[in-house]
Amino acid sequence: MGQRLKTVGHNPARTEGWDKLTGKARYIDDYVVPGMIWGATVRSTVPHARIVEVTRDPAFDWSGFTVVTHRDIPQGGKNVVAMLTDDQPFLAVERTLHQAEAVMLLGHADRARLEEGLRHVQVDYAPEPAVLELDRATTVLKQIAIEKGDVARGLAEAELVVEGVYRTGAQEQLYIEPNGVIALPEADGGITVMGSLQCPYYVVRALEGLFGLPREKVRVIQTTTGGGFGGKEEYPSVIAGHAGLLARKAGVPVKMIYGRHEDMVATTKRHPSRVRHRTGVMRDGTLVAADIEVVLDGGAYVTLSPVVLSRACIHAAGPYRIPHVRIAGKVMQTHTPPNGAFRGFGAPQSQFASEAHMDRVAEVLGMDPVALRRKNLLKIGDATATGQVLKASVSAEEALDRALARHEKIVKRKKGAAADGVKRGRGVALFFHGSGFTGGGEAKLASKAGLALRKDGVEILVASTEIGQGTRTMLAQIVAEALALPYERVATDDPDTARVPDSGPTVASRTCMIVGGILQRAAGRLKDQLGGWESVAEFDKKARRYLKEHGPLTLIEQYEHPKTIVWSDETYRGDAYQAYAWGANIAEVEVDPVTYQARCTHLTAAIDVGKAIHPILVEGQIEGGSLQAVGWALYEDVVMRDGKMANASLTNYIIPTTLDTPHIAVEVLENPHEGGPFGAKGVGECPVDGPAAAIVNGLRQALGVRVDEIPATPERIMRKVAGR
């Protein structure tokens, strides 16, 4: 780890940066295909109902329209979106389970006529009872139980038992570019889809099932993508299937581009949550037992709820040494649009609760919140809630120390209420985040990545996507360093499943650690194949000679699961992750005593990433993730009425603007993980886990009341203060 690195740890220009800066990059709505028509979706308008009849207005001119219902799904295909559970149809058949469920598809060459056609489709419903709130839900979609030690004995032996209930709302990913695809029917019966997406092979599997096609007849091409944050992990499978059905029936390419309203109404969001804590503690602050219930609102269908619940439960006890732990988790069904992946997926919800609860415990004990955390934080040799013994790369204490030191150095604090009457407070949060898929998930994925030799360098072959976070740049740096080649000699491109192997989804902070690690091994094989080189000139000579004598050379490597990682999906015991990122936040908050509007004025984030492959990109990820968490904590209130998002516009769904953004001070920690490329562990999600709790803990200090539900809007704060 101590070698002098020439590319890793430096800040080369982003591989795709110039094209985006100059406007050369083409997003999906920039593409025009000859003969193309537009596609649109007829959606349910009731949350739960039996479909009585779907009719088209006979007085309207339907010439030139392509109409698709569930009856148009080809023989051998399945009307189900291939995901963890086969429960969500592409098109409703007998009933709808949420508002915005797709009932019919329309296509037309004239977009204005298409929009008019949508208004001339009548769907008659027989409404059925709808469950629209998490607290009223009774149907369980997924359950998980984690047990360590004897919680009943631990609670009985504790000198105090502290209880609390914490709630988080939904959050919209709000990527800049809405969902969009173009589907092209192929002459051999196959289908090609281009689009804005995170996980090309997810879409491949969905289209295989929908059309009953072999893999070689399904091709997915990622176009330049304007953000994802998890919202383009599984949902593109739905819109790709819809465009594909229209294209197959019409026999021409079909473009489907959601407007902002439709994207916000119909697509997945962060799961709302309710988390209950009962914590047994000694009067000196020693944590003895934790009895935790995690409940998530899954919406109408399962989608990715099992993995969101999994991560929520594994992180629910926080980064603390607790001998007796019981975590009961479940996802409940409501008649609302399905919830899905969002940066951090589950860990932000459960760690918001654990960190808000730690301050409650400290308050009951009359103990400093930092001292309570310091007394119980995980260190090398300690075991997590799943029984994983931490052996290396553990940075909870260092993250806390670095955050505190940096914060004190740069924040000149005004204590208490100033002459202007503004209430001020400071809050802290400590957190961790598992890198990669849980347990044996990476072994099951068996991801592949490769390198193709070129006479002037190498080309990276992966399905991992660039969605604004710097994937292409970071992977190119890893390969360049491993091959001792200039960064400019490593070529990257947006994935095309006809050319690249399945390197797994671009999620779970896995791309750098897992895919980067596979590419590092592929680079080693390439050096062996060519016999190594001492200079770039020697590489050029050997590469040209090999290509001339043997022809193209492509090396594909597959993920190798460490034998030291042992996990049971049945008992949820063992090594949940190869490594953890660690973090701490300190937040300064202000509350206006008249309007009750809360602001975070300063946020310090200390995050251990193992190794910063590209330091500027790492800082950008920490700043961006932290700001998303600030928005979730204070501003981003998804308002649901009758099961439908009522504020689905940028006018009414409030996100932090530049004026709302606190000063964010970033401390990057590098505690290397030997299993990651050059020690890297990943950075994308950990920064989202802590800021919301730090902010509400600051609100408690400022107001003298606990705000245990986010977003902490002025209305919620006012009710809390009034009820004091």
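The values are calculated or read from the model by the stated rules, or taken from the named source; none is laboratory data. Note that this is a predicted model, so its numbers are computed, not measured. Backbone-built Cβ (ideal geometry, glycine too); neighbour counts: all protein chains shown.
Scanning segment 702-724 for residues that are of a type outside the set (Lys, Arg), assigned to a helix (DSSP H, G or I) and either surrounded by fewer than 20 Cβ atoms within 10 Å (Cβ to Cβ) or not assigned by TED's automatic domain parsing to the domain that holds PHE431 (or both) yields PRO714, GLU715, MET718, VAL721, ALA722. Here PRO178, PRO236 are screened, and the one residue that is assigned to a helix (DSSP H, G or I) and touching a helix residue (DSSP H, G or I) at 6+ places or on another chain (Cβ under 6 Å) is PRO236. Taking the conditions (1) in contact (Cβ under 8 Å) with a residue 40 or more places away in the chain; (2) surrounded by fewer than 24 Cβ atoms within 10 Å (Cβ to Cβ); (3) outside any helix (DSSP H, G or I) in turn, LYS527 satisfies each one other than (3). The residues on offer are ARG343, ARG406, ARG374, ARG402, and the sole one that is out of contact with any Lys or Arg (no Cβ under 7 Å at 6 or more places or on another chain) and either part of a loop (DSSP other than H, G, I, E, B) or not assigned by TED's automatic domain parsing to the domain that holds GLY684 (or both) is ARG343. In the condition set (1) buried (at least 21 other Cβ atoms within 10 Å of the Cβ); (2) under 33 Å from the mean Cα position of the chain (by Cα); (3) under 30 Å from ALA694 (Cα atoms), GLY154 is compliant with all but (2).
Filtering ALA648, ALA692 for residues that are buried (at least 23 other Cβ atoms within 10 Å of the Cβ) and within 30 Å of LEU132 (Cα to Cα) leaves a single hit, ALA692.
If you go through segment 291-338 and keep only what is closer than 16 Å to LEU134 by Cβ and basic (Lys, Arg), you end up with just LYS330. Of all residues in segment 547-564, those satisfying the criterion of being buried (at least 18 other Cβ atoms within 10 Å of the Cβ) and not charged (D, E, K, R) are LEU555, TYR559. Here LEU97 clears all of (1) surrounded by 15 or more Cβ atoms within 10 Å (Cβ to Cβ); (2) closer than 16 Å to HIS242 by Cα except the condition numbered (2).
If you go through segment 568-597 and pick out every residue that is out of contact with any helix residue (DSSP H, G or I) (no Cβ under 8 Å at 6 or more places or on another chain) and either basic (Lys, Arg) or in a strand (DSSP E or B) (or both), you end up with 4.
Exactly one residue out of ALA498, ALA522, ALA452 is closer than 27 Å to ARG205 by Cα, assigned to a loop (DSSP other than H, G, I, E, B) and over 25 Å from the mean Cα position of the chain (by Cα): that is ALA498. Note on segment 85-152: enclosed strands (runs of 3 or more DSSP E) holding 3 or more residues that are farther than 30 Å from THR384 by Cβ are 102-108, 121-127. Just so you know, in segment 531-546 the residues that are in contact with a helix residue (DSSP H, G or I) (Cβ under 8 Å, 6 or more places away or on another chain) and without any contact (Cβ under 8 Å) to a residue 40 or more places away in the chain include one that is surrounded by the fewest Cβ atoms within 10 Å (Cβ to Cβ), and it is GLY531. Among the residues of segment 241-268, those identified as crowded, with 24+ Cβ neighbours inside 10 Å, outside any helix (DSSP H, G or I) and under 22 Å from the mean Cα position of the chain (by Cα) are THR267, THR268. Residue count for segment 473-493, restricted to those that are surrounded by fewer than 23 Cβ atoms within 10 Å (Cβ to Cβ) and either charged (D, E, K, R) or at positive phi (or both): 4. Criterion first (buried (at least 21 other Cβ atoms within 10 Å of the Cβ) and among the polar types (S, T, N, Q)) does GLN198 satisfy it? So GLN198 fits the description; yes.
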